[in-house]
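The structure appears right after this line, and notes come after that.
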Amino acid sequence: MSLRSRGLQAAIQSHSRSPMNVIFHTLASVATAAVLSTQLKEKKPINSITGLTILVIGFTTGILLHGLLDWIPHQYPLPSVLDVVVSLILFSIIFLRAHKWILFACFQGAIFPDLVDLGPAILNRQMQLHLPTAKIFPWHWKEYSGSIYDGSRHWLSIFNHLVVAGMSGCLILKFRQRLLRNLF
Ligand SMILES: [Zn+2]
C-alpha cells in the first residue's frame, strides 16, 4: 500500500470515528437561542405569530450556522463519544432553565444536517442496517467541507474553534438573563 493510500485510509478511519463536532454546534445553537430569546416579549406566547417566527428563524439559523462551522477548516479535538456526551450534558443543563422551545428549535436546526446526511450511515454501522445514504447538504461534500483529517493546519483549527467558542460564550453570557427566564 502506498503512502498516499495509507493516508487516505487513515483519513477515512478517522472520519468514521469522529464525523462530528457536536459541541461547537451545540454552543452555537445555545448562543442563537440566547440572542433570539431577547425578541420574545414578556406576554407573547410561543404559539403566537411572533413566537412561531422566532422558532422558524432559530431552526433556519441553526442549519446555516452548521454549514458555516462545517465549512471553516477544522479538526476533531474530541473523541466522538465524549463529544456527544458533553454536548448532551451541556444542552440538558441549559434546557432545564431556558426558553425550551427556542433552544429546542435552534438545537434541532444545528444538528439537522448531520442527522440527515450522517445519521443513516451511523445507524448502518452501529446496527448493521442498510438504510440509503446520501449527502444533501453541500458543506458535507468533499469540495466544500473544512474537515481536516491529515493532521495539518492544527493551529488554524484551534484558532477557528476558539473563535466559535469565544463568540458563542460571549453571546450566551450577554443574553443569559433572557435565555434563562424559564417561562415555558
Ligand atoms: Zn455537519
Next item on the list: Might you check whether a residue that is away from the ligand (no atom under 11 Å from the Cβ) and touching a strand residue (DSSP E or B) at 6+ places or on another chain (Cβ under 7 Å) occurs anywhere in the range 89-105?
Entry: no
Next item on the list: Check whether at least one residue in the range 98-106 is modelled with pLDDT under 95, of a type in the set (Gly, Ala, Ser) and closer than 29 Å to GLY51 by Cβ, and report yes or no.
Entry: yes
Check: What helices (runs of 4 or more DSSP H) completely inside the range 50-131 contain at least 2 residues that are aliphatic (A, V, I, L, M), under 12 Å from the mean Cα position of the chain (by Cα) and farther than 15 Å from ALA28 by Cβ?
Finding: 80-95
Next item on the list: Could you run through the range 111-133 and say how many residues are of a type in the set (A, V, I, L, M) and either within 14 Å of the ligand (Cβ to nearest atom) or under 20 Å from ILE23 (Cα atoms) (or both)?
Entry: 6
Margin query: Can you report the number of residues in the range 51-76 which are over 16 Å from CYS106 (Cβ atoms) and either loosely packed, with under 14 Cβ neighbours inside 10 Å or of a type in the set (Ser, Thr, Tyr) (or both)?
Written below: 1
Next item on the list: Please list, ordered by first then second residue, the pairs with beta carbon atoms under 7 Å, 6 or more apart or interchain, first in the range 60-83 and polar (S, T, N, Q), second within 14 Å of the ligand (Cβ to nearest atom) and assigned to a helix (DSSP H, G or I).
Entry: THR60/GLY109; THR61/GLY109
Next item on the list: Take the range 134-146 and flag every residue that is small (Gly, Ala, Ser) and either more than 9 Å from the ligand (Cβ to nearest atom) or in a helix (DSSP H, G or I) (or both).
Entry: ALA134, GLY146
Checklist line | Extreme residue, farthest from the ligand (Cβ to nearest atom), among residues of the range 23-79 that are closer than 17 Å to ALA165 by Cβ and among the β-branched types (Val, Ile, Thr) | finding: VAL35
Next item on the list: With the condition kept exactly as written, say whether any residue in the range 123-135 is of a type in the set (A, V, I, L, M, F, W, C) and surrounded by 15 or more Cβ atoms within 10 Å (Cβ to Cβ).
Entry: no
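The values are calculated or read from the model by the stated rules, or taken from the named source; none is laboratory data. The structure presented is a predicted model; accordingly, all values stated were derived computationally and were not measured. Cβ coordinates were reconstructed from backbone atoms using ideal geometry, including for glycine residues, and neighbour counts include every protein chain displayed.
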